[in-house]
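The values are calculated or read from the model by the stated rules, or taken from the named source; none is laboratory data. The model shown is predicted, which means the values in this text are computed figures rather than measured ones. Every residue, glycine as well, gets a Cβ built from its backbone with ideal geometry; the counts of neighbours run over all protein chains shown. SASA here: full protein model, heavy atoms, side chains in, ligands and nucleic acids out. Shrake-Rupley method; radii C 1.70, N 1.55, O 1.52, S 1.80 Å.
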Amino acid sequence: MIGLLRGMRLFVNNSAMVVVGSGPAGVSAAEAFRRHDSDTPVSILTADPALPYARPPLSKEFLRGETDDIALHPAEWYAERRIDLVHTRVERIDPGGHVVIADGQRFAYSSLILACGSAPVPLPVPGGERAYQLRALADAQRLRDGSSDADSAVVIGAGFIGCEAAASLARRGVSVTLVAPNAVPQDNRLGAEAGERLRRLVVSSGARYVGGVAVEAVDEGSVRLDNGVTINCDLVLAATGVRPQSGLAEDAGLNTADSRVVVDANMRTSVPDVFAIGDVASAINTTAGRRINVEHWQDAVDHGEIAGAVAAGQDAKWDGVPGFWTTIGDATVKYHAWGDGYDSTRLIDHQDGFTAWYERGGTAVGVLTCNADDNYERGETLIKNKRRLST
Ligand SMILES: Cc1cc2nc3c(=O)[nH]c(=O)nc-3n(C[C@H](O)[C@H](O)[C@H](O)COP(=O)(O)OP(=O)(O)OC[C@H]3O[C@@H](n4cnc5c(N)ncnc54)[C@H](O)[C@@H]3O)c2cc1C
């Protein structure tokens, strides 16, 4: 039934699956739902104007200009599965009425999956708006275009995206300085020794690493640091962290914690027929036995498969050990971990790489490897089975 209500177009279907967000979580949820339910209409509502694409290459191959081929699927893939891609920003959810409102249109749902992901945190210093950000394809395109005639760049923030982008820009021949408050990248998260190995990867890719500094201002053509140093540059990238996009859920009264939507191991929120997945969700992992927050590509896909299956009446729960791969210059670093802390760590250097092991309470909780795939795989098993490290 389609009708008009107070000037709004009303799309009512007694049975409809609506997904908000076209990242890996949203697309895999739609795909999984369709696999289990061939009849119910499925729509993905997305604020991104592009055909759904892979984000990991945006700071790597795409930024280096090596590929433009990052679409997750061709347009026909969605048509063949009768998954409607609707490019619109959802403004509000009305869980009582089982409706989402986007750009004056109302989309009724029988099941709603929120896969709104994260957005970059704006750089909170004078002139911060001068810095590029890197989340969406449009951001990456702007950064790539801007870097094509840049001789020098400052990358702010030494998380994985900052390290990857600094290495990629350096590979393009740009003179790059990566600045961060940490003495070495991510020492607070991964430990000083692992951080030092990441610093070496950044430096061996051709970028300079300046740790222990904060940015005070971004001026026209330069970045001012709090140690009195000013770095002249043609381009500034702020890779200073992301914030989950949980505003829609909060406004609709769903339970949230730390800006994430609280869900169970089936990805169900506190409200009937509403699921949340990917970066925006804080989900119970049954193997960990607790809530785990992740911002990784594969885990977003896994969440989507679970939510899509459960919404279609199947039984599925999140029990995998989270993990991701990252590429800094030529080196690929692989990580499996619950990611919520450790009390001891041991780093072992190999001939052309390293393994960092993490334990808590006497059992394995994480492994970070570079050119040590056996340890990466063994680490997953040890973490999953809550075993001690015996290396
Ligand atoms: C440059 C870059 C490199 C990365 N590299 C890696 C990597 O190497 N390995 C790895 O594991 N992870 C990597 N990540 C992280 C990974 O991409 C994310 O964890 C993953 O994309 C999260 O998926 P998601 O579906 O939850 O959210 P997202 O991919 O963020 O998608 C969210 C979607 O929701 C839409 N949306 C938000 N609000 C609304 C609204 N109100 N209405 C409609 N649509 C809305 C957005 O437009 C977007 O389409 C990288 C991320 C970036 C940015």
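Taking region 343-355 as the search range and keeping residues that are without any contact (Cβ under 8 Å) to a residue 60 or more places away in the chain and either among the hydroxyl-bearing types (S, T, Y) or closer than 30 Å to A29 by Cα (or both), which one is farthest from the ligand (Cβ to nearest atom)? Result: S344. Residue check: D69 meets all listed conditions (1) over 22 Å from the mean Cα position of the chain (by Cα); (2) away from the ligand (no atom under 15 Å from the Cβ); (3) at pLDDT 95 or above but one, namely (1). With respect to (1) under 21 Å from V125 (Cα atoms); (2) open to solvent by less than 30 Å² (accessible area, probe 1.4 Å); (3) free of Cβ contacts under 8 Å to residues at least 40 places away in the same chain; (4) of a type outside the set (S, T, Y), the lone exception for G195 is condition (1).
Is it the case, given these coordinates, that A153 is in a strand (DSSP E or B), modelled with pLDDT of 95 or more, under 16 Å from A238 (Cα atoms) and in contact with a Leu (Cβ under 6 Å, 6 or more places away or on another chain)? Yes; evaluated as a whole, the condition is true for this residue.
Which members of region 320-334 meet the condition of being assigned to a strand (DSSP E or B) and either near the ligand (Cβ under 9 Å from one of its atoms) or over 15 Å from S168 (Cβ atoms) (or both)?
From region 320-334, those assigned to a strand (DSSP E or B) are 323-328, 331-334; that's our starting set.
Result: G323, F324, W325, T326, T327, K334.
Cβ-Cβ distances below 6 Å connect the following pairs, each with a first residue in region 67-85 that is over 14 Å from G26 (Cβ atoms) and in contact (Cβ under 8 Å) with a residue 40 or more places away in the chain, a second residue that is in a loop (DSSP other than H, G, I, E, B) and among the small types (G, A, S), and a separation of six or more residues or different chains: I70/A54. Screening region 329-355 for residues that are crowded, with 19+ Cβ neighbours inside 10 Å and touching a Ser or Thr at 6+ places or on another chain (Cβ under 6 Å) and picking the one that is farthest from G206 (Cα to Cα) gives T355. Would you check if S246 is closer than 16 Å to C116 by Cβ, polar (S, T, N, Q) and open to solvent by 30 Å² or more (accessible area, probe 1.4 Å)? Answer is no for this residue.
Taking R135, is it closer than 30 Å to A239 by Cα, more than 20 Å from the chain's Cα centre (by Cα) and among the basic types (K, R)? Explain how you work it out, then say what you get.
Numbers: closer than 30 Å to A239 by Cα: yes; more than 20 Å from the chain's Cα centre (by Cα): no; among the basic types (K, R): yes.
No; evaluated as a whole, the condition is false for this residue.
Looking only at residues in region 271-293 that are open to solvent by 10 Å² or more (accessible area, probe 1.4 Å) and under 14 Å from the mean Cα position of the chain (by Cα), the one that is farthest from the ligand (Cβ to nearest atom) is N293. Quick one: count up the residues across region 74-91 that are more than 12 Å from the ligand (Cβ to nearest atom) and open to solvent by 40 Å² or more (accessible area, probe 1.4 Å). Total satisfying the criteria: 8. Note on region 24-53: residues that are open to solvent by 10 Å² or more (accessible area, probe 1.4 Å), in a loop (DSSP other than H, G, I, E, B) and near the ligand (Cβ under 10 Å from one of its atoms) total 4. Summed over region 92-140, residues that are part of a helix (DSSP H, G or I), open to solvent by 20 Å² or more (accessible area, probe 1.4 Å) and either within 14 Å of the ligand (Cβ to nearest atom) or touching a Ser or Thr at 6+ places or on another chain (Cβ under 8 Å) (or both) total 3.
So, P56, is that one touching a residue at least 24 places away in the same chain (Cβ under 8 Å), within 14 Å of the ligand (Cβ to nearest atom) and farther than 21 Å from D251 by Cβ or not? The answer is yes for P56. Does D251 satisfy being closer than 30 Å to R89 by Cβ, acidic (D, E) and at pLDDT 95 or above? Criteria met by D251. In region 121-146, how many are of a type in the set (S, T, N, Q) and under 28 Å from D187 (Cβ atoms)? So the answer is 1.
From the list A252, A265, A238, A316, the lone residue that is aliphatic (A, V, I, L, M), more than 13 Å from the ligand (Cβ to nearest atom), touching a residue at least 40 places away in the same chain (Cβ under 8 Å) and touching a strand residue (DSSP E or B) at 6+ places or on another chain (Cβ under 6 Å) is A265. Return yes or no: is A283 aliphatic (A, V, I, L, M), assigned to a loop (DSSP other than H, G, I, E, B) and closer than 19 Å to L114 by Cβ? Considered against the rule, which asks whether it is aliphatic (A, V, I, L, M), assigned to a loop (DSSP other than H, G, I, E, B) and closer than 19 Å to L114 by Cβ, A283 comes out as no. Could you look through region 58-72, keep only residues that are open to solvent by less than 20 Å² (accessible area, probe 1.4 Å) and not in a loop (DSSP other than H, G, I, E, B), and pick out the one that is nearest to V301 (Cα to Cα)? Among those that are open to solvent by less than 20 Å² (accessible area, probe 1.4 Å) and not in a loop (DSSP other than H, G, I, E, B), it is L58.
Within region 297-313, restricting attention to residues that are open to solvent by less than 20 Å² (accessible area, probe 1.4 Å), within 16 Å of the ligand (Cβ to nearest atom) and not β-branched (V, I, T), which residue is farthest from G117 (Cα to Cα)? Step by step, filter region 297-313, then rank; the result is G308.
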